[in-house]
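The values are calculated or read from the model by the stated rules, or taken from the named source; none is laboratory data. These figures come from a predicted structure and were not determined experimentally. Virtual Cβ from ideal backbone geometry, glycine too; neighbours counted across all protein chains shown.
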Amino acid sequence: EAGVAQSPRYKIIEKRQSVAFWCNPISGHATLYWYQQILGQGPKLLIQFQNNGVVDDSQLPKDRFSAERLKGVDSTLKIQPAKLEDSAVYLCASSLVGLLRGTDTQYFGPGTRLTVL
Amino acid sequence: GDSVTQMEGPVTLSEEAFLTINCTYTATGYPSLFWYVQYPGEGLQLLLKATKADDKGSNKGFEATYRKETTSFHLEKGSVQVSDSAVYFCAHMGGKLIFGQGTELSVKP
């Protein structure tokens, strides 16, 4: 079974530029998550989709971050404009059901390491 | 609010030593508990989980028991190997998955 795919693996940009990350979840997984992992910290949830609807985006900085999952499969996370503090690894995860299922396992992709100069 | 606290790293052990990584949590209700592992250059992988009090999760020689009375989920392994060198994350899930800060483990031959 193919895992969660993410691209690119690495990205270096200057502050105030824009950047986009792509994620393709495991086939058949209804729920997709984007996390931000700052160096030395655990991942923090940015946004959760159930199919193509947003379940939780309470920690997404909406003035600069946006995400979409138009057809309920793959997803794009965008930052515009980027700030120095956005330097982090952006992780995508997926799970079979997600909503209200505390035992549902999340499977993570390899992440995109973003450096903002 | 909900949180997870892990023991500070890095932890350095010799091969075949006993490992304990402490994890405590605060949460409303009775969340599911997880340990994830992140090997160098790779993504997070689920190591083990427990979904209710007194459950023991186990995998690859690692174990952790869900202790409701002490709100803890300490990770243990009786004999570590060099290949266990990684960063270990404790997490709990009520409505969302909340991670601790991670504990780096380095095992020397």
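Screening B:ASP54, B:ASP84 for residues that are of a type in the set (Asp, Glu), surrounded by 15 or more Cβ atoms within 10 Å (Cβ to Cβ) and more than 10 Å from the chain's Cα centre (by Cα) leaves exactly one candidate, B:ASP84. Out of curiosity, is B:PHE62 farther than 20 Å from B:GLU15 by Cα and surrounded by 15 or more Cβ atoms within 10 Å (Cβ to Cβ)? So B:PHE62 fails the test. Taken over segment B:63-74, residues that are touching a residue at least 24 places away in the same chain (Cβ under 8 Å) and closer than 27 Å to A:VAL97 by Cα amount to 6. Selection within segment B:18-53: residues that are modelled with pLDDT of 95 or more and assigned to a loop (DSSP other than H, G, I, E, B). The member of this set that is nearest to the other protein chains (Cβ to nearest Cβ) is B:ASN22. Those strands (runs of 3 or more DSSP E) of segment A:14-117 in which at least 2 residues are surrounded by 14 or more Cβ atoms within 10 Å (Cβ to Cβ), touching a residue at least 60 places away in the same chain (Cβ under 8 Å) and not aliphatic (A, V, I, L, M), considering only elements entirely within it, cover A:19-24, A:31-37, A:88-95, A:112-116.
Count of segment A:1-13 residues, restricted to those that are surrounded by fewer than 18 Cβ atoms within 10 Å (Cβ to Cβ) and β-branched (Val, Ile, Thr), is 2. Of the residues examined, B:GLU76 is one that is modelled with pLDDT of 95 or more and assigned to a strand (DSSP E or B).
Pairs linking a residue in segment B:80-109 that is free of Cβ contacts under 8 Å to residues at least 40 places away in the same chain and within 14 Å of chain A (Cβ to nearest Cβ) to a residue that is surrounded by fewer than 21 Cβ atoms within 10 Å (Cβ to Cβ) and among the charged types (D, E, K, R), with Cβ atoms under 9 Å and 6 or more positions apart or on different chains, are B:GLY95/A:ASP56; B:GLY95/B:ASP2; B:LYS96/A:ASP56; B:LYS96/B:ASP2.
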